[in-house]
Amino acid sequence: MPVLVFGSVNADLVFALPVLPAPGETVLAPGYATLPGGKGANQAVAAAQDGAPTAFAGAVGDDALAEVALRGLREAGVELGRLAWVPEPTGCAAIAVDRAGRNLILGGSGANQSARAAQVEDAALNPDTVLVLQREVPAAENAALILRARARGARILLNLAPAGEVAPEALRALDLLVANEHEAAWLAGQLGCGADAASLHRALGVGVAVTLGEAGAAAATAAGPLRVPAFPVRAVDTTGAGDAWCGVLAAALDRGLPLDAAMRRASAAAAIACTRPGATMPRAAETAALLG
Ligand code: RIB
């Protein structure tokens, strides 16, 4: 299975609000949407819709929200044989979006905390595999899977979202770390280095890509620095844009694209995701059309 995503899967409750609530405030939306989400599931859907054979390993509860959470994966044809059904509530996120497209996300991890590296068998971790991880499942499970994948020669991409601890030996076993500006700044504070891709690459010794919103994305690897521009769009909701970026990057790398072309494609996909409400991943033809 070329792209294998280990991570979170949620049901997202999306509220379009006039303004984001301040602490203690109640803000009413005229309605709300119930959509599949979770950074891991979004990335798997993005990779599959970009044309990569994709599998997902994570955990859901045996409840009504599981059907919502899994809908996007099923519709995209993601292979779900490694999914665990656990006695915890399915992960859920409440997402508020204001008129400027800014969001505020509250996540209830639930079953995501029961995702285990052991759900992925060794045979699935080989040099043909692009393993994709994020930080919405237990850090120890991510680290265990990364170290097994490294020993077996898989290519490993970790999205540092949301920002937080990663075992140093796991960080240094990656092929590519992907972070947005906030996550990069958090990691730079931990490492005592600059928050740009080159500084993080020097500090970690692994490839680093930093997404920069309207300024595009930068990367630094042993082959040198890279920079790609953003695709200008009218953003209505940036939720899931980072997930589209990571999933499409993984699919493009799986197809053998060089990193700069893969980053350009990922940036186009992320731009499209920003034009839609909720974490809505683009299809390959839409991304290709924006790339021109
Ligand atoms: O990145 C967006 C995702 O973050 C949402 O789908 C939500 O479920 C949270 O995991």
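Remarks
- Considering residues of the range 221-246 that are in contact with an Asp or Glu (Cβ under 8 Å, 6 or more places away or on another chain) and more than 30 Å from V19 (Cα to Cα) only, the residue surrounded by the fewest Cβ atoms within 10 Å (Cβ to Cβ): L226
- The residues of the range 112-144 that are among the small types (G, A, S) and either surrounded by fewer than 18 Cβ atoms within 10 Å (Cβ to Cβ) or under 18 Å from the mean Cα position of the chain (by Cα) (or both), listed by number, are A115, A117, A118, A123, A139, A140, A143, A144.
- Scanning the range 255-292 for residues that are touching a residue at least 12 places away in the same chain (Cβ under 8 Å) and at positive phi returns a single hit, G278.
- Taking every residue in the range 234-246 that is of a type in the set (S, T, N, Q) and pairing it with any residue that is more than 9 Å from the ligand (Cβ to nearest atom) and part of a loop (DSSP other than H, G, I, E, B), at least 6 positions away or on another chain, the pairs with Cβ-Cβ distances below 7 Å are T238/G101.
- With respect to the conditions (1) in contact with a strand residue (DSSP E or B) (Cβ under 6 Å, 6 or more places away or on another chain); (2) within 16 Å of the ligand (Cβ to nearest atom); (3) not aliphatic (A, V, I, L, M), R102 lacks only one, and its number is (1).
- Pairing residues of the range 23-50 that are within 15 Å of the ligand (Cβ to nearest atom) with residues that are of a type in the set (K, R) and not in a loop (DSSP other than H, G, I, E, B), at Cβ distances under 7 Å and at least 6 apart in sequence or on separate chains, gives P36/R71.
- Test for A76: is it farther than 18 Å from V3 by Cα and either among the basic types (K, R) or more than 14 Å from the chain's Cα centre (by Cα) (or both): no
- Entry remark, the range 243-259: residues being under 19 Å from the mean Cα position of the chain (by Cα) and closer than 15 Å to A219 by Cα number 6 in total.
- The condition (being modelled with pLDDT under 95, surrounded by 14 or more Cβ atoms within 10 Å (Cβ to Cβ) and not aromatic (F, W, Y)) is satisfied by just one residue among G91, G101, G107: G101.
- Put simply, of A144, A163, A149, A167 the only residue that is away from the ligand (no atom under 16 Å from the Cβ), touching a strand residue (DSSP E or B) at 6+ places or on another chain (Cβ under 8 Å) and touching a residue at least 12 places away in the same chain (Cβ under 8 Å) is A149.
- The conditions of being closer than 17 Å to V3 by Cα, among the β-branched types (V, I, T) and assigned to a strand (DSSP E or B) are met by I156.
- Looking across the range 112-140, the residues that are assigned to a helix (DSSP H, G or I) and in contact (Cβ under 8 Å) with a residue 60 or more places away in the chain come down to N112, A117, Q119, A124.
- Looking across the range 145-174 at every residue that is crowded, with 18+ Cβ neighbours inside 10 Å and not hydrophobic (A, V, I, L, M, F, W, C), the one that is nearest to A117 (Cα to Cα) is identified as R148.
- Filter result for V9 (within 15 Å of the ligand (Cβ to nearest atom), at pLDDT 95 or above, surrounded by fewer than 24 Cβ atoms within 10 Å (Cβ to Cβ) and of a type in the set (V, I, T)): no
- Here the range 12-33 is the region considered, the condition is being surrounded by 15 or more Cβ atoms within 10 Å (Cβ to Cβ) and not in a loop (DSSP other than H, G, I, E, B), and the residue that is nearest to the chain's Cα centre (by Cα) is D12.
- Here M281, M263 are screened, and the one residue that is in contact with a strand residue (DSSP E or B) (Cβ under 8 Å, 6 or more places away or on another chain), at pLDDT 95 or above and either among the hydrophobic types (A, V, I, L, M, F, W, C) or more than 14 Å from the ligand (Cβ to nearest atom) (or both) is M263.
The values are calculated or read from the model by the stated rules, or taken from the named source; none is laboratory data. For clarity, every value in this text was computed on a predicted model and none was experimentally measured. Counting neighbours? That spans all protein chains shown, and the Cβs are built from the backbone with ideal geometry, glycine included.
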